[in-house]
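For reference, the structure is listed below as structure tokens.
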Amino acid sequence: MQGIEVLFMGNNMLRLLSGLWVTIRISLISIGFSLILGTLLGAVMTSKNPVVKAVCRVYLEIVRIMPQLVWLFVVFFGVTKLTGLNLGGETSAVIVFTIWGAAEMGDLVRGAFLAIPRHQFESSLSLGLSKTQMYVFIIFPQAIRGLIPNVINLSTRMIKTTALVSLIGVTEVLKVGKQIIDANRFEYPNAAIWVYAAIFFMYFLICFPLSMASRALTKKQQGGE
Amino acid sequence: MSEHIIDINNLVKHFGDNAVIDGISLSVSKGEVVVLIGPSGCGKSTLLRCLNGLEPIQGGTVTLHGEPVIHGDKSLYKVRQKIGMVFQSYDLFPHLTVLKNIMLSPIKVQKRDKAEVEAKARELLERVGLSDKADSYPSELSGGQKQRVAICRSLIMDPEIMLLDEITAALDPEMVHEVLNVVLDLAKNGTTMMIVTHEMAFAEAVADRVIFMDGGVIVEEGAPSEFFRNPKTERAQRFLKTFTYTK
Ligand SMILES: Nc1ncnc2c1ncn2[C@@H]1O[C@H](COP(=O)(O)OP(=O)(O)O)[C@@H](O)[C@H]1O
Ligand SMILES: [Mg+2]
């Protein structure tokens, strides 16, 4: 018997796809919040106030130092224990990935603004542009161009890292895969390879176009600059 | 005395404890070309930056046609439209074509008619010998070409005065000429300018008046023939000597 049959048995494919949908849903919501909060955070991080700068820096470092898995446990189990509030796996996941994504996004936004030479601001003002016009026509377009490839890379990293949420009981694509493999362990011992291949292919379908786009944009900018 | 464009009266500018400009008074008349020279770090750039309100000042006044230039004030947006400034570094907007670089501010700031602005932009590009570069991006231009575009971008605003801060200092030697020729051409056509430069031969050719700054003050000023042949102060003599190569 071929393991590949397992993929098409019963509603297995549908289950995998709905697992994938959970992955995508957590990723999309987290990425969306991260974009918004990270942009705000990035704007705050460009502040010249040393206290504000230090607080942002500490936040970023704390988020980075702790593995995402630890964060997931802290939020999922810790919050429940402390407050008695049961957040549920998916909500916990979205919170953790947003905390992480916003921090990384903030750092990217900060970097994108700092990368713009001082003379771009001064030439804009010298030409009589108002501050708003300067940001709208000169600064934002340049910052965004520098930012897009990095944001795409961050998004693919976040999508891949969502696989961890199975460890706090969320049934995303990898978890579904394991369930299918376990259920067919005796009849189809080599099902695992096919299931994982299918999952690999699913991740690939999502992430590959993203990294291609990022690469193309980076290249275009290097050529056009 | 002809009409003054800019009046600087007892200007003082500090960076912390560092009095970079320590009481400078000077006026520039319509059509006049004033060249500002002095050792590196003596405050030439800072002086130009105070003139269009890029720097807050700690004392004295700057006026353009009698209107005060006040850092951080709303009136600055009006004032800056009348002062063209070109910096040493290439400061074209990298995400816009040459034509769009030039057209942005007359359209967005002065709200001028697009067709009129484009015609004027092309005319200016023609004048500096860059008609064929209208649709290029800054990255596709040489340093000398970029600076010529930057000059056009300021000129299209019809400024009362142009401030040029070492606009050839970052250029390869073979490109210096093409840029300086444009500036000489402007001078011939009566453009009022304040120019900071280390090109002494050019300074002598273009200036109506040379101002030698050091230690935050004007040490000496005069007609270029007088100043370069016959500097009166010891500091100016010493400064000019550094430009003559002797074995
Ligand atoms: N933003 C700044 N903050 C502190 N010091 C500055 C700043 N800009 C310039 N200076 C100082 O002011 C002095 C004059 O600088 P600048 O006007 O650039 O000189 P120049 O153009 O004549 O070479 C220098 O000593 C420089 O270090
Ligand atoms: Mg300077």
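The values are calculated or read from the model by the stated rules, or taken from the named source; none is laboratory data. This one's a predicted model, so the numbers in the text were calculated from it and none came from an experiment. We place every Cβ from the backbone using ideal geometry, glycine too, and count neighbours over all the protein chains shown. These area figures cover heavy atoms from the full protein model, side chains too; ligands, DNA and RNA do not enter into them. Shrake-Rupley method; radii C 1.70, N 1.55, O 1.52, S 1.80 Å.
Going by what's in this entry, would A:ILE116 be described as within 14 Å of chain B (Cβ to nearest Cβ) and part of a loop (DSSP other than H, G, I, E, B)? Here the answer is yes, as A:ILE116 does meet what is asked. Filtering the range A:82-106 to residues that are crowded, with 22+ Cβ neighbours inside 10 Å, farther than 16 Å from A:MET66 by Cα and among the aliphatic types (A, V, I, L, M) leaves A:VAL94, A:MET105. Taking the criterion of being within 14 Å of another protein chain (Cβ to nearest Cβ) and touching a residue at least 12 places away in the same chain (Cβ under 8 Å), the residues of the range B:105-142 that qualify are B:SER105, B:PRO106, B:VAL109, B:GLN110, B:VAL117, B:ALA121, B:ASP135, B:SER136, B:TYR137, B:PRO138, B:SER139, B:LEU141. Per the conditions (1) open to solvent by less than 10 Å² (accessible area, probe 1.4 Å); (2) over 15 Å from the mean Cα position of the chain (by Cα); (3) within 24 Å of B:LYS78 (Cα to Cα), the sole criterion not satisfied by B:LEU186 is (2).
Would you point out the residue of the range B:33-59, among those that are within 14 Å of another protein chain (Cβ to nearest Cβ) and in contact with a Gly (Cβ under 8 Å, 6 or more places away or on another chain), that is farthest from B:GLN81 (Cα to Cα)? Let's see the steps before the verdict.
Step one: of the range B:33-59, the residues within 14 Å of another protein chain (Cβ to nearest Cβ) are B:45-46, B:48-56.
Now drop any that are not in contact with a Gly (Cβ under 8 Å, 6 or more places away or on another chain), which leaves B:53, B:56.
Values: B:GLY53: 12, B:PRO56: 18 Å.
Selected residue: B:PRO56.
Restricting the first member to the range B:157-184 and to residues that are within 14 Å of another protein chain (Cβ to nearest Cβ) and at negative phi, and the second to residues that are outside any loop (DSSP other than H, G, I, E, B) and open to solvent by 40 Å² or more (accessible area, probe 1.4 Å), the beta-carbon pairs closer than 7 Å and six or more apart or on different chains are B:ASP165/B:SER45. Given the conditions (1) without any contact (Cβ under 8 Å) to a residue 40 or more places away in the chain; (2) open to solvent by less than 10 Å² (accessible area, probe 1.4 Å), report the number of the one that B:VAL86 does not fulfil. Only one criterion in (1) without any contact (Cβ under 8 Å) to a residue 40 or more places away in the chain; (2) open to solvent by less than 10 Å² (accessible area, probe 1.4 Å) is unmet by B:VAL86, namely (1). The set of residues in the range B:36-61 that are more than 10 Å from ligand 2 (Cβ to nearest atom) and farther than 24 Å from B:GLN237 by Cβ comprises B:CYS50, B:LEU51, B:ASN52, B:GLY53, B:LEU54, B:GLU55, B:PRO56, B:ILE57, B:GLN58, B:GLY59, B:GLY60, B:THR61.
Is it the case that the range B:205-218 has a residue that's at positive phi and either open to solvent by 40 Å² or more (accessible area, probe 1.4 Å) or not aromatic (Phe, Trp, Tyr) (or both)? The answer is yes, given that some residue of the range B:205-218 is at positive phi and either open to solvent by 40 Å² or more (accessible area, probe 1.4 Å) or not aromatic (Phe, Trp, Tyr) (or both).
Scanning for something closer than 15 Å to A:SER124 by Cα, within 16 Å of ligand 2 (Cβ to nearest atom) and in contact (Cβ under 8 Å) with a residue 12 or more places away in the chain, does the range B:69-80 turn up at least one residue? No; the residues of the range B:69-80 include none that is closer than 15 Å to A:SER124 by Cα, within 16 Å of ligand 2 (Cβ to nearest atom) and in contact (Cβ under 8 Å) with a residue 12 or more places away in the chain. Kindly check whether there is at least one residue in the range B:87-101 that is part of a helix (DSSP H, G or I), among the hydrophobic types (A, V, I, L, M, F, W, C), more than 8 Å from every other protein chain (Cβ to nearest Cβ) and more than 30 Å from B:ALA236 (Cβ to Cβ). Yes, the range B:87-101 has at least one match.
Kindly indicate the residue of the range B:9-35 that is within 17 Å of the chain's Cα centre (by Cα) and surrounded by 18 or more Cβ atoms within 10 Å (Cβ to Cβ) and also farthest from ligand 2 (Cβ to nearest atom) among those meeting that condition.
B:GLU32
Restricted to helices (runs of 4 or more DSSP H) entirely inside the range B:166-247, those with at least 1 residues that are farther than 24 Å from B:LEU11 by Cα and touching a Phe, Trp or Tyr at 6+ places or on another chain (Cβ under 8 Å) are B:173-188, B:200-206, B:234-241.
The condition (being more than 26 Å from A:PHE8 (Cα to Cα), away from chain B (no Cβ under 14 Å) and modelled with pLDDT of 90 or more) is satisfied by just one residue among A:GLY128, A:GLY101: A:GLY101.
Is it the case, given these coordinates, that B:THR192 is within 15 Å of ligand 1 (Cβ to nearest atom) and either polar (S, T, N, Q) or at pLDDT 95 or above (or both)?
no
Filtered by the rule that a residue be open to solvent by 60 Å² or more (accessible area, probe 1.4 Å) and more than 11 Å from ligand 1 (Cβ to nearest atom), the range B:36-74 gives B:GLN58, B:THR61, B:HIS65, B:GLU67, B:PRO68, B:ILE70, B:HIS71, B:GLY72, B:ASP73, B:LYS74.
Restricting to the range A:113-168, count the residues that are in contact with a Pro (Cβ under 8 Å, 6 or more places away or on another chain) and open to solvent by 40 Å² or more (accessible area, probe 1.4 Å). Outline the logic, then answer.
As a first pass, look at the range A:113-168 and keep what is in contact with a Pro (Cβ under 8 Å, 6 or more places away or on another chain): A:142.
Cutting the leftovers down to open to solvent by 40 Å² or more (accessible area, probe 1.4 Å) gives us none.
Residues in the range A:113-168 being in contact with a Pro (Cβ under 8 Å, 6 or more places away or on another chain) and open to solvent by 40 Å² or more (accessible area, probe 1.4 Å): 0 in total.
I'm checking my understanding of the structure. Among residues of the range B:14-35 that are assigned to a loop (DSSP other than H, G, I, E, B) and without any contact (Cβ under 8 Å) to a residue 40 or more places away in the chain, which one is nearest to ligand 1 (Cβ to nearest atom)? I'd like the intermediate steps shown before the answer.
Keep residues of the range B:14-35 that are assigned to a loop (DSSP other than H, G, I, E, B), which gives B:16-17, B:30-32.
After this cut, where a residue has to be without any contact (Cβ under 8 Å) to a residue 40 or more places away in the chain as well, the list is B:16-17.
Working: B:GLY16: 7, B:ASP17: 10 Å.
The residue in question is B:GLY16.
Exactly one residue out of B:MET157, B:MET175 is more than 24 Å from B:ILE83 (Cα to Cα) and under 20 Å from the mean Cα position of the chain (by Cα), and it is B:MET175. Residues that are among the charged types (D, E, K, R) and more than 9 Å from ligand 1 (Cβ to nearest atom) were ranked within the range B:1-13; the one that is farthest from the other protein chains (Cβ to nearest Cβ) is B:GLU3.
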